[in-house]
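Q: Dropping the structure in here first, questions after.
Every number in this text was worked out from the coordinates using simple rules, so none of it is lab data. Just so you know, these numbers come straight off a predicted model, no measurement behind them. Note that we place each Cβ from the backbone using ideal geometry, even for glycine, and neighbour counts take in every protein chain shown.
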Amino acid sequence: MNVNLQNVSSNHKPRIFNNPERFVEGWYWVIPSKHLRVGQVKAVTVLGRELAIYRGKDKTAVIVDAYCPHMGAHLAEGKVEGNELRCFFHHWKFDDQGFCVEIPCLNEPITVKLKTWPTAEKYGMIWVWTGETPKQPLPFVLELENKKCDAIFGSYFLVNSHPNAVMINPIDAQHLNTVHKLTSEINFEKQEINQNAIIFTNTKPNTGNSFLEKLIRPFCKNHVYNICYWYGSTNIVTFGTDGFYVHVMFAVRLLEGGKSEVQVLLITQKRQGIFGWLYNRVVLWLTKMAGINFIQDDLKIFETIKFDLKTPIKADYSIMEFVNHLERQKPLMLKTWQLARSKNVEVKETREKWQDTKSND
Ligand code: FES
Ligand SMILES: [Fe+2]
């Protein structure tokens, strides 16, 4: 049975899905926290937009547009002074809200503001919200909500295909059988957590005969496999059994030309004491190895695919549900981060303002 993509997607051609120019307003990873020391300023490009990021003496990371509102010098050439940033060209100084607080040749600064972006740190990573005010939490593991987390970095890689090709992979039920050789039946049930988050949970038990399935079966009586998506661009794959789960986060950013850069993070619950810390190192390392093994075959596909979901069938239904969820989010344009306006897209702003208490770190 063919499932018509346009029917499933509210009678409209997808505006965001697999679009090389658009992404969803949300939280996106920037650089690892440890790559930005107090007093440092760096140039970064995220989703096509050029930015400068610095860390002031209060240790807070600040993200601003890259070019000085005076004459356009790149602010990553500037200098961090306290919690402020001074442009290297004519020495105008901007505070961490972007307000100009000093112009050396004037007694009083003029009213000019540098664009700043909401910034947060979590899992050892600096994140940016690509709009004015965050309306949802940073991507977090639902099973670990309100718990402290321990995380390490996995692989970083560039792939030749759109982030959506990477994103849908863990809910592509057919490929779990064909590429990963799992023989269990897979059936996903979806649950929308909020306007920007959706989780797919496998409802079928592990009855497969592959080596991996047999190996984990004694340990996984109540086997769990779910995938949670945030902003259609970061997913967290959770697997394990009662009380013991591992979480692999794939944080993906769209690059120009419809390509992707992917940062993998491995996450687990924080455990107390030195033994808890050592235990977590082993758990996270094993998760990292499992993750590498699992995506090895996918990487070949991402390199050569001309991703275009033209003929979805019933087995692709979860992917269609992902597409529908994605299409209801707020679309922004690559580079400008401006709202992508389309005749048929109506974005309903129903979300509450983001509160840090909802996240789990
Ligand atoms: S260009 Fe930055 S102060 Fe002149
Ligand atoms: Fe895969």
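Q: Using a cut-off of 18 Å between alpha-carbon atoms, which aspartates and glutamates can reach residue 122, once sequence neighbours fewer than 8 places away in the same chain are excluded?
A: 58, 143, 145, 150, 356, 361
Q: Test of understanding: ordering 294, 157 by Cβ neighbours within 10 Å, fewest first, what list do you get?
A: Exposure proxy ranking, most exposed first: 157, 294.
Q: What do you get for GluC sites (Glu not before Pro) in segment 242-306 restricted to DSSP loop and a cutoff of at most 15 other Cβ within 10 Å of the site's Cβ?
A: Answer by residue number: 256.
Q: Between 0 and 90 degrees, rounded to the nearest ten: what's the tilt of helix 273-304 against the longest Cα principal axis of the chain?
A: For helix 273-304, the angle is close to 80 degrees.
Q: In segment 66-189, if the dipole is taken from +1 on Lys/Arg beta carbons and -1 on Asp/Glu beta carbons about the Cα centre, which of 183, 127, 89 is farthest to the positive end?
A: 89
Q: Let me ask another. Could you state the angle between the C-alpha long axis of helix 317-327 and the longest principal axis of the C-alpha atoms of the chain, as a value from 0 to 90 degrees rounded to the nearest 10?
A: Computed tilt is about 20 degrees.
Q: What are the ³J(HN,Hα) couplings of segment 184-190, residue after residue, when phi is run through the Karplus curve with 6.51, -1.76, 1.60 and θ = phi - 60°? Round to Hz, x for glycine and proline.
A: For segment 184-190, the Karplus-derived couplings read 5, 6, 10, 9, 9, 10, 9 Hz, x marking Gly and Pro.
Q: Run down the aspartates and glutamates and flag those whose C-alpha is under 12 Å from the C-alpha of residue 190, throwing out any fewer than 8 positions away in its chain.
A: Once the sequence-local aspartates and glutamates are set aside, what remains near residue 190 is 321.
Q: Loop-only trypsin sites (Lys or Arg not before Pro) in segment 85-119, please: DSSP not H, G, I, E or B, and at most 16 other Cβ atoms within 10 Å.
A: 115
Q: Something else: Name the aspartates and glutamates eligible as straight-distance cross-link partners of residue 204: C-alpha to C-alpha under 16 Å, and not fewer than 8 places from it in the same chain.
A: Residue 204 reaches 172, 185, 189, 213, 242.
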